[in-house]
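Written below as structure tokens is the structure these notes are about.
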Amino acid sequence: MKVQRLAALAQRFIQYAIPPTDRERRAHVLSLLLLAIFAVSLPMSLLHLLADSTSPTALPRVAYSALLTLIAGTLYLLNRSGRSQLTGWLLTAGGTAAIFFWVAATGARNGLYTLYYLIAPVVFISLLLSVRTGVLLLAVYAVLLLVFPWPLFGLSVNQIIGGPLIFNGFLGVVALLVIGYYKREESRRSAQLAEREALYRSLVNNLRDVVYTHTVEGVITSLNSVAETLVGWPLQTLIGQSIQDFIHPDDLPTAQAMMKQMIHRQPVPVIELRLRHRNGDYHWVEIKASPIHDNGRIILVSGVARDVTDRKQIEAALRDSEERYRIISELISDYAYAVRVEPDGELVIEWLTESFRQATGYEVGTAQTLMNYSTYHPDDVAQVQADIQQVLRGQAVSGEYRGFTKDGKVRWMHVFRRPVWDDTQGRVVRFYAVSQDITRRKETEAQQLRLALQRERLATISQLVQAVSHDFRNTLTNIENSRYLIEQTLDDRARQAVQPRLELIRASVMRMKDQLSNLNTVSAVTNPHTTAADINRLIDNLMAELTPEAERKPVSLRFERLPALPHVLVNPDEIQRALRHLLVNAITYTPPGGSVTIGLTQADDTLQIQVRDTGFGISPEQQSQIFDLFYRADAARTLESGGIGLGLSIVKLIVEAHGGQITVDSAVGQGTVFTITLPIMRADALAPE
């Protein structure tokens, strides 16, 4: 129990007398001091023995030096084990014991001067531990000097008081005052440094960026707490790791190139690379780094890493959006642009979408040179200029104009312009515009207008025909009956003589009836009633009907089927009528030995029906008019000899009534190709569920 109490009292004494200090610095100083004592005492013990081995003090000196060497070595090992406080106390105690031992060993005269060195342990312990420890040690020395039995060693108390006591006391007080002042200043500077360091760490830890340092080899030496969020690992795990372990393999060359630039003292750019998170994901960071030099060489690299993953994702989304916009711009014929209006009225194109090239054929870079209205149709230039002047007055304007593409084609454009008014300048400073290609709409409108005019003409004719067709048919019937009676009443010889005339009368009557039927069907074809039909079967029926006529000529008649063609919504009778017209025309005007072919092809949602022949052909001048009502250029145009010019017009009306179109491609002496294009409206797609 007494031993435990003494140990507790000693622990309390040490805690009071020795406040915490910088352990690493204390251990370093002690190590250097002990190594110096060891290095000096060992050769000194040998020198005493070699220099004067017969002296009565030689052996004590050798023993003293050897003991000092042993003590210094032991204390060095103790200090290396991390017990620097205990080492300091033992060194102080050993030094004190050595001084008193030396006094006892050398006698009164030499020993008295040795006591003056007691100031050294006081200074040492004050610097190593604390001023309070030095004051305590100085008081212990004063008590020892007063109570030690000096007369036994030939010294009087007066000698001690008048010599070592006053010397050590005065010099000790002065030394302690100086050391205390130094300690206070050092403590104040340390406190300020600690406060600044705490403030710095607080600022660094509160930053949204990672602040780090690493060695030239890439070993991480310090990080703030933001790094935990960025890579998902605790700080204690990250310290000592190589930064290259976290960099994406594809970005390592970038990081290595930056390090080489630092080593060669070149400007270090800001780089962006990917760091691996604990969960395996990679985060984009922007890194600003700079080297820390010591004596001209790099000892550390410090830097700031900012998480830019969100920005990278936004940039990637923006690039994707721009790419989609570019693709769409290239696919559509519409384009947009912005025009800056200079104070002098000059119009400068600021930007223009890529679809401008798709719509006009001109490159975007040449658009400014086209601001002289040279691409507009001459008849529309005045309207364009008037509309732009209206925009410059602050009004939104839209207009429709004709323009020329680079290859000389005329295209209709609908342009909408919206101005931007600047109140400070009191004028329009810019306007935005969108140009939409409406050529197809204009062509459709023109086609519809032509169709409407044709329908109006046909309606008038139809009214006339319906009014007189009854009389016409009765008259034709009377003619045919009369022809028949004449033919029956004549004898064989007379009938043989007039038979060609009688046949001509019959053929003419039949043709007149057919033309009346054509006129009567004009009004019906404009609004066809559709039903599901098999186009292959319709043409098969026509082939069975017309093959004998083709063989009599003779002309080869062929059908190129399309087996996979679905049923299509059409008016079967009207489509069959149109195809019959084309096939009869082709057979009639193809010389013997020629060929007539009807074929089917499907492309997306359209059906193409082609009627090809090797006949006489149609001249280019006539091709633009052959579908007009009552047009009869020559026999190649008509359905049958003696027609009134309705056949191909009715074909076109039937096709357009079904939402399609018909074209002709022909060369004189090489044949003709009529192509009917119909939209496929599948019967199964429109059937109710």
- line: In the set LEU70, LEU50, the lone residue that is modelled with pLDDT of 75 or more, more than 21 Å from LEU144 (Cβ to Cβ) and open to solvent by 60 Å² or more (accessible area, probe 1.4 Å) is LEU70
- request: Taking the residues in the stretch 383-401 that are open to solvent by 60 Å² or more (accessible area, probe 1.4 Å) and touching a residue at least 24 places away in the same chain (Cβ under 8 Å) as candidates, determine which candidate is nearest to GLN358 (Cα to Cα).
  value: GLU400
task: Filter the stretch 270-292 down to the residues that are open to solvent by 80 Å² or more (accessible area, probe 1.4 Å) and not in a loop (DSSP other than H, G, I, E, B), then identify the one that is nearest to THR221 (Cα to Cα).
output: LYS288
- request: Could you run through the stretch 91-102 and say how many residues are modelled with pLDDT under 75 and not small (Gly, Ala, Ser)?
  value: 2
statement: Filtering the stretch 360-384 down to residues that are of a type in the set (Gly, Ala, Ser) and at pLDDT 80 or above yields GLY361, SER374, ALA382
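Okay, residues lined up against (1) in contact with a Lys or Arg (Cβ under 6 Å, 6 or more places away or on another chain); (2) farther than 25 Å from TYR373 by Cβ; (3) open to solvent by less than 70 Å² (accessible area, probe 1.4 Å):
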| site | (1), (2), (3) |
| --- | --- |
| VAL420 | yes, no, yes |
| THR424 | no, yes, no |
| VAL428 | no, no, yes |
| ILE438 | no, no, yes |
message: Going residue by residue through the stretch 81-103, is there one that turns out to be within 60 Å of the chain's Cα centre (by Cα) and open to solvent by 50 Å² or more (accessible area, probe 1.4 Å)?
response: yes
query: Do you know which residues across the stretch 528-564 are closer than 27 Å to GLY659 by Cβ and in a helix (DSSP H, G or I)?
result: ILE535, ASN536, ARG537, LEU538, ILE539, ASP540, ASN541, LEU542, MET543, GLU545, LEU546
- request: Could you please find all residues in the stretch 224-239 being under 31 Å from the mean Cα position of the chain (by Cα) and open to solvent by 20 Å² or more (accessible area, probe 1.4 Å)?
  value: SER225, VAL226, GLU228, THR229, GLY232, TRP233
message: Give me the residue from the stretch 136-170 that is among the aromatic types (Phe, Trp, Tyr), in a helix (DSSP H, G or I) and closer than 14 Å to VAL103 by Cα and, out of that set, least open to solvent (accessible area, probe 1.4 Å).
response: TRP150
statement: From the option list ILE243, ILE263, ILE314, single residue qualifying as farther than 14 Å from VAL210 by Cβ and touching a residue at least 24 places away in the same chain (Cβ under 8 Å) is ILE263
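Residue-wise test of (1) of a type outside the set (Gly, Ala, Ser); (2) part of a strand (DSSP E or B).
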position	(1), (2)
TYR337	yes, yes
ARG340	yes, yes
PRO343	yes, no
VAL348	yes, yes
ALA367	no, no
ASN372	yes, no
ASP387	yes, no
GLN395	yes, no
SER398	no, yes
- request: Taking HIS470 as meeting all but one of (1) open to solvent by 90 Å² or more (accessible area, probe 1.4 Å); (2) modelled with pLDDT of 75 or more, write down the number of the exception.
  value: (2)
message: If I filter the stretch 194-214 for residues that are charged (D, E, K, R), open to solvent by 70 Å² or more (accessible area, probe 1.4 Å), more than 15 Å from GLY303 (Cα to Cα) and within 31 Å of the chain's Cα centre (by Cα), do I get at least one hit?
response: no
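The values are calculated or read from the model by the stated rules, or taken from the named source; none is laboratory data. Computed from a predicted model, the values in this text were never measured in an experiment. Neighbour counts run over all protein chains shown; Cβ positions are idealised from the backbone, glycine included. For the accessible areas, the whole protein counts, side chains as well, though only heavy atoms, and no ligand, DNA or RNA atoms are used. Shrake-Rupley method; radii C 1.70, N 1.55, O 1.52, S 1.80 Å.
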